[in-house]
Amino acid sequence: MTPTNPPLLEVHDSATGDVSPTSAFVHLVLSCDRFFSGSAAFEKAEDLRRLATALAARGIPQSALALEGVSVDVSSGVFTKSSSVTYRVRIVIENLELLSSVLDAVGETKKASLTHMEWNYDDNSLEEHALIRKAGARATAKARVLAESVGATLGPLRSIREERIEPTVRERGPAMLTAAPPMRRRSESVAEELGGLELAPKKRITIRVSAAYALVE
C-alpha cells in the first residue's frame, strides 16, 4: 500500500556547455555637417543615407538602424563659424551571417567609425535545450541510483525546476568587441582587418536541474 505522503527524494545535477550568439548590435559614430532628428536623419544627412543604402544592398533594412544620440560641436574662428554633428548609431543584426558585410559597409562609409559590438544570447536556443536535456537526464539517473541504494523504487515526479547560471563578468572576459584602429588602407575590408578574431564568440553557461521524486518502498 502506497503511503498518503510518501517521502521525497530531491536531486540536483547540471550540464555545462557553450552557446552561440543569435544576434548582434553594432555601435558606431558618424560625423555629418548638419543636424537632423529621428528617422529623417537617415534620409537627409548625406553620410547616414549612404550608410543606410550600403546596408540595404547587403540585406539590412533601414528599420535595423537606430539613432542612440547626437552631439553638436560648434567652433568659432576669427572670420568663420563652423559646426559638426556626431551621430551615435546602432545596427541590429538578426542574421549573423551578414555581420562581415555590415562591417564592410561601415568601413566604406568614410566618416563612420565602429566603436563596439554587443552580443545577444537567446535563452531559448537549441544549444541551451541540449544542456537542459543533459542536466535533466543526469538528475533522473542520479535519482534512480539513490532510490535503489536505499531499497526503494523511484515514484512519480513531484516537482522540477531549472536554473541558468552564467559566468561572472571577470570569468566571462570582455563583453564587447572594441573597434579596430581607425587608420587603415581603404582597400582593406573591416572583416579582413579583424582577421583571426572570432566575430561571434560563444559563451559558456551551466544549466542546473533540481527534481523531487516520491519514493515507493
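The numbers here are math on the coordinates, done by the rules we state, and not lab data. Nothing here was measured: the structure is a model prediction, and the numbers come from that model. Virtual Cβ from ideal backbone geometry, glycine too; neighbours counted across all protein chains shown.
Look at the alpha carbon pairs under 8 Å that are at least 6 residues apart: their mean separation over the length of region 23-120 gives a relative contact order of 46 percent.
With θ taken as phi - 60° and the Karplus curve 6.51 cos²θ - 1.76 cosθ + 1.60 applied, the whole-hertz 3J(HN,Hα) list for region 139-155 is 5, 5, 4, 5, 4, 4, 5, 5, 4, 5, 5, 10, x, 10, 10, 5, x Hz, x standing for glycine and proline.
Once you reduce region 18-66 and region 105-119 to the center of their Cα atoms, the two points are 10 Å from each other. Calculated FRET efficiency, residue 216 to residue 130, Cβ-Cβ distance, R0 = 41 Å: about 0.85 to the nearest 0.05. Placing a pseudo-label 7 Å from each Cα along the Cα-to-Cβ vector at residue 71 and residue 56 gives an inter-label distance of 3.0 nm. Charge dipole of region 35-155 (Cα centre as origin; +1 on each Lys and Arg Cβ, -1 on each Asp and Glu Cβ, all else neutral): 100 debye, rounded to the nearest 20.
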